[in-house]
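Peer 1: Here you go, one structure.
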Amino acid sequence: MSTGSGADSAPAPTALDKSARPRKASMFSSLKIRNYRLFASGAVVSNTGTWMARITQDWLVLSLTGSSAAVGITTAMQFLPMLLFGLYGGVIADRFAKRNLLFVTQGAMSLSGLFLAALTLSGHVQVWHVYFAAFFTGLVTVVDNPTRQSFVSEMVGPDQVRNAVSLNSANFQSARLIGPAVASALTAAVGPGWAFLANGLSFLAPLTGLLLMRTGELHRTPRRPRGKGQLREGLNYVSKNPELIWPIVLVGFIGTFGFNFPIWLSAFADDIFHGGVGMYGLFNTLMAVGSLVGALLAARRGSSRLRLLVGAAVAFGVLQIVAALAPEYWMFVALIVPMGILGLTVNVTANSSVQMATDPEMRGRVMSLFMMVFTGGTPLGGPLFGWLADAYGVRVSMALGGLICALAAVAVALMLARAANLRLKVDLRRGHRHVQFVPRERELATAA
């Protein structure tokens, strides 16, 4: 965690103000580290392939079934393993060498992409094949996600974790700019199978990067030997620290109820604005532009503030409601970019805050819990909001998701304030801050 080092009169950081005054950071400072450069270079290639596969997968299922609920089921199959087994992935990540684990997981994801490519190119693909490939990818992700998340600190060291986490997100969103456009063009021109093939081959890049790393330059963390109670130990560790548990709770709500864009964007493109796969690709590209901007802004911040986390989450939910009710195409398009900025800000701020507040030997298990609640809620949210979109319309589905996110963010803000012995102060006088959290002792002193 980052702590203040100012004058004696400076107040100590609170749970809503996680660190001292932010230090301006170099946006790309972690790329000076060779191992991380190799990691990031390979990741941008595989991430591009992954986004090509995601867009193609959603549109293929929608084309085969004509149902938003089926798209939701596909998404649910991909993230159901995280909900069921996510915590065990963290135990594995803490127990084995992370670089070796990544060789296995990245290779398995390559095979999944090649499997789906073979079926699609041969003309034998069925919806259940897509479900199966999504579920298999989800199983691999159970181990891959916490391993990659915690491997970042081994590559860059503690001083560059925030920057590297932000650049990871920027990397992912940069690929998101390219992937949908290429996938849309390939699907329209020659069919979806080539996009799946590109995804399968793209994993050769991160595997090469892992192979070329200098292992002597890694900041290795102690590996946990096999033993009983390690899963329970991780849960107890999180439950006793409000600066861990409440950000994790918040990202769980955002991931379950707010990040259902494959369902919403495909339905808006198909049912509301009557476009094709090109419009769906455009929507995803605009979302990626916003997410990339949010990631780069996060990379410049020298600290992670929890008040930024909850503020961005409230704004994200409100903006989602406004977008859902937008009557015109151009209004909806204009709102996609800021939604991407706010959604990515929530994700990166929560991720870096949790990593910096966690002891290194616990990081795999804590990050597996983080990813489990962030992505593991999708098997619940995906089919639910897909059904709502089919039954009541996509506008109702998306607006309800935004409302739940905004209310959850307000509730988490109040819980963090209570943990830090703060209270909400409302002052409507001119020239004063109208709403702020202040220490309870200060309020008592003023009253006296």
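Peer 1: Output ³J(HN,Hα) for region 179-189: one whole-Hz value per residue in order, computed from phi by the Karplus curve 6.51 cos²θ - 1.76 cosθ + 1.60 with θ = phi - 60°, and x for Gly and Pro.
Peer 2: Computed from phi, the couplings for region 179-189 are x, x, 5, 5, 4, 4, 5, 5, 4, 5, 8 Hz.
Peer 1: Follow-up question, since we're still on this one. With a ≥ b ≥ c the root eigenvalues of the C-alpha gyration tensor of region 248-402, is it rounded (a/c under 1.5), prolate (a/b larger than b/c) or oblate?
Peer 2: Numbers: a/c = 2.29, a/b = 1.64, b/c = 1.40.
Taking the square roots of the gyration eigenvalues as a ≥ b ≥ c, region 248-402 is prolate.
Peer 1: Can you give the convex hull volume per residue for the Cα atoms of region 109-151, as a whole number of Å³?
Peer 2: In region 109-151, the Cα convex hull volume per residue is 53 Å³.
Peer 1: Sticking with this one: Quickly work out the Trp128-to-Leu64 label distance, labels modelled 7 Å from Cα along the C-beta direction, and quote it in nm with one decimal.
Peer 2: For Leu64 paired with Trp128, the spin-label model returns 1.1 nm.
Peer 1: With every protein chain left in place and a probe of 1.4 Å, what is the accessible surface of Lys98, to the nearest 10 Å²?
Peer 2: Near enough 10 Å² of accessible area.
Peer 1: For a quick check of understanding: with a 1.4 angstrom probe and all protein chains in place, what accessible area in square angstrom does Ser46 have, to the nearest ten?
Peer 2: Ser46 has an accessible surface of roughly 10 Å² with all protein chains in place.
Peer 1: Another one. Going toward the positive end of the dipole of region 286-386, with +1 on Lys and Arg Cβ and -1 on Asp and Glu Cβ, which of Val314, Ala357, Gly294 do you reach last?
Peer 2: So the residue furthest toward the plus end is Ala357.
Peer 1: Taking the simple approach of a point 7 Å from Cα along Cα-to-Cβ for both Leu204 and Arg37, what is their distance in nm?
Peer 2: Once both label points are built, they end up 2.3 nm from each other.
Peer 1: What order, most packed first, do the peptides 357-368, 267-278, 400-411 have when packing is the mean number of other Cβ atoms within 10 Å of each residue?
Peer 2: 357-368, 400-411, 267-278
Peer 1: Next question, about the same structure. Give, rounded to the nearest 20 debye, the magnitude of the charge dipole that region 114-259 has about its Cα centre when Lys and Arg contribute +1 at Cβ and Asp and Glu contribute -1 at Cβ.
Peer 2: That gives region 114-259 a dipole magnitude of about 420 debye.
Peer 1: Going by the alpha-carbon gyration tensor, a ≥ b ≥ c the square roots of its eigenvalues, is region 84-188 rounded (a/c under 1.5) or, if a/c is not under 1.5, prolate (a/b greater than b/c) versus oblate?
Peer 2: Taking the square roots of the gyration eigenvalues as a ≥ b ≥ c, region 84-188 is oblate.
Peer 1: Could you work out the relative contact order of region 138-292? I mean the mean sequence separation of Cα pairs under 8 Å and 6+ apart, divided by the number of residues, in percent.
Peer 2: Relative contact order, region 138-292: 41 percent.
Peer 1: Starting from the Cα-Cα distance between Leu297 and Val318, subtract it from 0.36 nm times their residue separation and give me the gain in nm to one decimal.
Peer 2: 5.5 nm
Peer 1: Additional query: At 1.4 Å probe size, put Arg95, Arg220 in order of accessible surface, largest to smallest. List each step's numbers first, then the result.
Peer 2: Values: Arg95 50, Arg220 145 Å².
The most accessible residue leads, giving Arg220, Arg95.
Peer 1: Modelled label-to-label distance, Glu233 and Thr215, 7 Å Cα→beta-carbon offset: nm?
Peer 2: With each label placed 7 Å out from Cα toward Cβ, I get 2.4 nm.
Peer 1: Pairs of alpha-carbon atoms within less than 8 angstrom and 6+ residues apart define the contacts here; what relative contact order does region 224-351 have, in percent?
Peer 2: Value for region 224-351: 32 percent.
Peer 1: Full extension from Phe103 to Leu414: what is 0.36 nm times the residue separation minus their Cα-Cα distance, to one decimal in nm? Don't jump to the answer; show the numbers that get you there.
Peer 2: Values: separation 311, 0.36 × 311 = 111.96 nm, distance 4.26 nm.
Residue separation times 0.36 nm, minus the Cα-Cα distance, leaves 107.7 nm.
Peer 1: What shape does region 292-343 have by the C-alpha gyration tensor, where a ≥ b ≥ c are the square roots of the eigenvalues, rounded means a/c under 1.5, and otherwise prolate means a/b greater than b/c and oblate the rest?
Peer 2: oblate
Peer 1: Just the accessible area for Ser63, please: 1.4 Å probe, Å², rounded to the nearest 10?
Peer 2: 80
Peer 1: Expressed in nm to one decimal, what extension gain is obtained for the pair Tyr329 and Asp271 from 0.36 nm per residue of sequence separation less their Cα-Cα distance?
Peer 2: 19.7 nm
The values are calculated or read from the model by the stated rules, or taken from the named source; none is laboratory data. Keep in mind it's a predicted model, so treat the numbers as computed, not measured. Cβ: placed from backbone, ideal geometry, glycine included. Neighbour counts: every protein chain shown. For accessibility, only protein heavy atoms count, side chains too; no ligands or nucleic acids. Shrake-Rupley method; radii C 1.70, N 1.55, O 1.52, S 1.80 Å.
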